[in-house]
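The block underneath contains the structure these notes are about, expressed in structure tokens.
The values are calculated or read from the model by the stated rules, or taken from the named source; none is laboratory data. Owing to the predicted nature of the structure, the values given are computational and were not obtained by experimental measurement. Here the Cβ is made from the backbone with ideal geometry for all residues, glycine too, and neighbour counts use every protein chain on show.
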Amino acid sequence: MENLKKDVTSDVCIVGAGPAGMLLGLLLAKQGLKVVVLEQNSDFHRTYRGEITQPRFVQLMKQLNLLDYIESHDHVKIPEVTVFHQDKEIMNLKFDTLIEGESYCARLTQPTLLAALLEKAKKYPNFTLLFNTKVKDLLQEGDKTVGVSAQAKQGDQINFMKDEIFEGELAVNAAVTVGVDGRNSTIERLGNFELDLEYYDNDLLWFSFEKPDSWDYNIYHFYFQKNYNYLFLPKLGGYIQCGVSLTKGEYQNIRRAGIEAFKEKITQDLPVLSTHFEGVQDFKEFVLLQCRMRYVREWAKEGILLIGDGAHCVTPWGAVGSTLAMGTAVIAADVIYKGFQTNNLSLETLKQVQRRRHEEVKLIQGLQLTLEKFLTRDPVKKELAPLIFNLANKMPDIIKTYKNLFTREKPLDIDEVFIFEDDMVENRQPSIVV
């Protein structure tokens, strides 16, 4: 197959096909803008990535009139959070005490969510998604970014336009380039963006197990136990996902001590897992997630914008990261769309995204920093944490904190053109690699 070099022109180039990138692409395509989304992976599959969406996600999907469509796909509704200390319930937070109508978390696997957004985007011929395409550099005209250069992996085929198949170098020229490529953002690095905040004290060690018969499936549980603290979430298919809270670097010590010592501590804390760990012989089933928090000082430069984890990464606590990123994607769509309408995509226009999202992002990050202080393994604070949670349901200020973390007080201020009508677009296929 011939190795080609291809120049492509688009209104907007989106780097990263995660929840925020796909939602942004869908919303812009809906308004008739030509959108190219680049994804370096070959599909949507991810492990332990953003699979719990908070009531604020439900609120957002309802505002866009996408909720019924999204919930027509496999999902689990979680109506409450329960906290235990040494197997004794010390706190129960029902979401219907915080909000009416959208009073639940939705367990929706990221591949399912992304496939649902893609299915909507397929209706628009001006939407293009390219898998297996890795950004190598930014295209510049002076100080302004005018797109990206990218590479299709050797041996992979990209179905680009019509029946043309090729692999090789791409130059995607665009009026606006949006980096939505995660906490290790290539666009952030290439664009020389500066950090205003970087925090990293803890890790979560994930694994999954088959749901015990004695457990309710629709759980969102946190356990303070003798050896470790644990977060439990339902997985689709009859499994439970568990996160073991660790301090930074602790996992390396655990591995050195060996799997048997680790298994003994976990089953001492949670005897219900003894059967599962009988067959565990090594650390292969565990996935370490660093609880990093980051905030880029300025999200925009001439012709380029960062959103999602590339701009404002939050920790896994509260499982709010993907929902927060999608909220920023909606605001970015509003700003970019209006910029095209007024023929003004200046730096000042792109800066509006950060100005409109800064308050909510900083609120969530502040709440997470407070929460992590109570989840620490520090001996003194570890003993105090259960007492604080035990009092939480009796303290109005704490309930307000939970409300701010899990729900949005009012809808996002966006143009009504982004609200979907049922079956409003024709079924036309984009250029797409699957």
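Odds and ends about this structure:
- Here residue 104 passes the criteria (1) touching a Phe, Trp or Tyr at 6+ places or on another chain (Cβ under 6 Å); (2) surrounded by fewer than 19 Cβ atoms within 10 Å (Cβ to Cβ); (3) of a type in the set (Phe, Trp, Tyr) except the one numbered (2).
- Within the range 154-213, considering residues that are within 25 Å of the chain's Cα centre (by Cα), outside any strand (DSSP E or B) and of a type in the set (Gly, Ala, Ser), the one modelled with the lowest pLDDT: 182
- Per the listing 233, 273, 306, the residue uniquely surrounded by 15 or more Cβ atoms within 10 Å (Cβ to Cβ), of a type in the set (A, V, I, L, M), in contact with a helix residue (DSSP H, G or I) (Cβ under 9 Å, 6 or more places away or on another chain) and under 27 Å from residue 214 (Cβ atoms) is 273.
- Tally, over the range 255-286, of residues that are touching a strand residue (DSSP E or B) at 6+ places or on another chain (Cβ under 8 Å), among the charged types (D, E, K, R) and under 15 Å from residue 230 (Cα atoms): 1
- For the range 128-136, the criterion of being part of a strand (DSSP E or B) and over 23 Å from the mean Cα position of the chain (by Cα) is met by at least one residue.
- Which numbered condition residue 124 fails, given (1) part of a helix (DSSP H, G or I); (2) in contact with a helix residue (DSSP H, G or I) (Cβ under 6 Å, 6 or more places away or on another chain): (1)
- Subset tally (residues that are out of contact with any strand residue (DSSP E or B) (no Cβ under 8 Å at 6 or more places or on another chain) and either among the hydrophobic types (A, V, I, L, M, F, W, C) or surrounded by fewer than 24 Cβ atoms within 10 Å (Cβ to Cβ) (or both)) for the range 323-336: 9
- Taking the range 2-94 as the region of interest, the helices (runs of 4 or more DSSP H) fully inside it that hold 1 or more residues being hydroxyl-bearing (Ser, Thr, Tyr), over 16 Å from the mean Cα position of the chain (by Cα) and under 30 Å from residue 216 (Cβ atoms) are 67-70.
- Residue match in the range 191-202 (condition: without any contact (Cβ under 8 Å) to a residue 12 or more places away in the chain and out of contact with any helix residue (DSSP H, G or I) (no Cβ under 7 Å at 6 or more places or on another chain)): yes
- Qualifying residue in the range 374-384 (condition: at pLDDT below 85, basic (Lys, Arg) and in a helix (DSSP H, G or I)): yes
- Helices (runs of 4 or more DSSP H) wholly inside the range 215-333 that include at least 2 residues being modelled with pLDDT under 95: 274-278, 309-312
- Residue check for residue 320: buried (at least 19 other Cβ atoms within 10 Å of the Cβ), in contact (Cβ under 8 Å) with a residue 40 or more places away in the chain and under 15 Å from residue 24 (Cβ atoms): no
- Filter result for the condition that a residue is surrounded by 19 or more Cβ atoms within 10 Å (Cβ to Cβ) and under 26 Å from residue 95 (Cα atoms), over 224, 193: 224
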